[in-house]
Amino acid sequence: MRFLPSSRFSNNKFHREPNWRSYLRVPSSAVPPALRGWLLDQGSLTERLIDASHNRFRVEILKQRIEKPRLSERLALRLPMAAMGLVREVLLLGDDTPWVYARSILPLKSLTGPLRRLRRLDDRPLGALLFRDPTMLRGPIEIACITPGNSPLPREIRHFQQPLWGRRSVFWLSGKSLLVSEIFLPSFTPYNSPLNLSPQNLPE
C-alpha cells in the first residue's frame, strides 16, 4: 500500500501530534483513492473488518490505563487541561494480521452510571458496543496523515516508516463523550478492495 506524504499535514501547533482536519478541508488528491471509502464510512468499522476477514477478526490490547489525554484529544473532547481519561490502544486484526491501530479516549467523567461498563472492555471491540447503543451519536469525521515525526506510535507498529492515514470522531453515549481514532496500517489487505459507500454511510 502506498501513501503520499505531505508537509501540509504536519502540525506545528501541537508537539508530535497529527493535524486532524475535517475531511472537507483535505484535498481528495492527497488521500489514497482506495482508502477514501474506509476513512469516510459512517458505519461500524468493526463490522466491516469482520466481514472483510470472513469472521477471522480479533482485538489485541496494547494499552489500557488512566492517564492524561494528548492536547488535541482534550480539545476535541472539550476537556479541562488537567482532565484524566481511560486511554485504550488496540490493534484490530484480520486473519491474525494487524489491519488497524485504534486509540480511544474515555474521559473519567463519562465513565459513570451505565457507562461504567466501559472500564472493563477487555478484548471486546469498542466499536461493536458503540453501534449497538441506541443513544449513540457520532460527531464529524476528521482525517489526518500520520508519520513517525508527528505521532508517538506504540512500539508494536513503530516499524512502519511510511505515512499512514487515519480518522477520528467524537461519539456520545447517553450524552457522554468519548473519542475514537482509527489508523489504517500498510498490512491492511482490504485496501485492495475499495469500500463503496452507500448514500446513508456518507458524512453529511
key: Backbone HN-Hα couplings from phi across the stretch 34-39 [Karplus 6.51/-1.76/1.60, Hz, Gly and Pro as x]   = 5, 8, 4, x, 5, 6
message = Can you compute the FRET efficiency between residue 62 and residue 29 using 1/(1 + (r/R0)^6), with r the Cβ-Cβ distance and R0 = 30 Å? Round to the nearest 0.05.
response = 0.35
note = Over its alpha-carbon atoms, the stretch 8-113 yields an Rg and a Dmax in Å of 16.1, 44
note = In terms of the alpha carbon gyration tensor, root eigenvalues a ≥ b ≥ c, rounded if a/c is under 1.5 and otherwise prolate when a/b exceeds b/c or oblate, the stretch 75-191 is prolate
remark   = Expected field for residue 47, accessible surface area in Å² at 1.4 Å probe radius, rounded to 10, holds 100
ask   = Going by the alpha-carbon gyration tensor, a ≥ b ≥ c the square roots of its eigenvalues, is the stretch 51-120 rounded (a/c under 1.5) or, if a/c is not under 1.5, prolate (a/b greater than b/c) versus oblate?
value = prolate
inquiry  = Whole-Hz ³J(HN,Hα) for each residue in the stretch 166-171, computed from phi via Karplus 6.51 cos²θ - 1.76 cosθ + 1.60 with θ = phi - 60°, x for glycine and proline: what do you get?
reply    = x, 9, 8, 8, 8, 10
query = Taking θ as phi - 60°, what are the ³J(HN,Hα) couplings along the stretch 117-130 by the Karplus curve (6.51, -1.76, 1.60), each to the nearest whole Hz, with x for Gly and Pro?
reply = 5, 6, 5, 10, 6, 6, 9, 7, x, 5, x, 4, 5, 4
note = So residue 120 and residue 187, fully extended at 0.36 nm per residue minus their Cα-Cα distance, gain in nm 21.3 nm
Segments 89-96, 20-27, 178-185 sorted - mean Cβ within 10 Å per residue, highest first = 178-185, 89-96, 20-27
query = Put a dot 7 Å past each Cα toward the Cβ at residue 161 and residue 47; how far apart are the dots in nm?
reply = 4.0
Computed label-point distance, nm, for sites residue 96 and residue 21 using a 7 Å Cα→Cβ extension = 4.1
task = Compute the distance in nm between two label points, each set 7 Å from the Cα along the Cα-to-Cβ direction, one at residue 78 and one at residue 136.
result = 2.2
Selected from 150, 55, 19 as most flexible by GNM, with the chain as the system and alpha-carbon contacts under 10 Å = 55
note = For residue 131 the rounded accessible area (nearest 10 Å², probe 1.4 Å, non-protein molecules ignored) is 70
query = Under the rule of -39500 (n - 2.57) per DSSP H run of 4 or more residues, summed and divided by the residues of the chain, what mean residue ellipticity at 222 nm is obtained, to the nearest 500 deg cm²/dmol?
reply = -4000 deg cm²/dmol
message = I need the shape label for the chain. Rule: rounded when a/c is under 1.5, else prolate if a/b > b/c, else oblate, with a, b, c from the alpha carbon gyration tensor.
response = rounded
inquiry  = Can you give me the solvent accessible area of residue 168 with a 1.4 Å probe, rounded to the nearest 10 Å²?
reply    = 20
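The values are calculated or read from the model by the stated rules, or taken from the named source; none is laboratory data. Remember, predicted model here, so these are calculated numbers, not experimental data. A quick note on method: Cβ atoms are made from the backbone with ideal geometry, for glycine too, and the neighbour counts reach across all protein chains shown. Heads up: the accessible areas ignore ligands, DNA and RNA and are worked out on the full protein's heavy atoms, side chains in. Shrake-Rupley method; radii C 1.70, N 1.55, O 1.52, S 1.80 Å.
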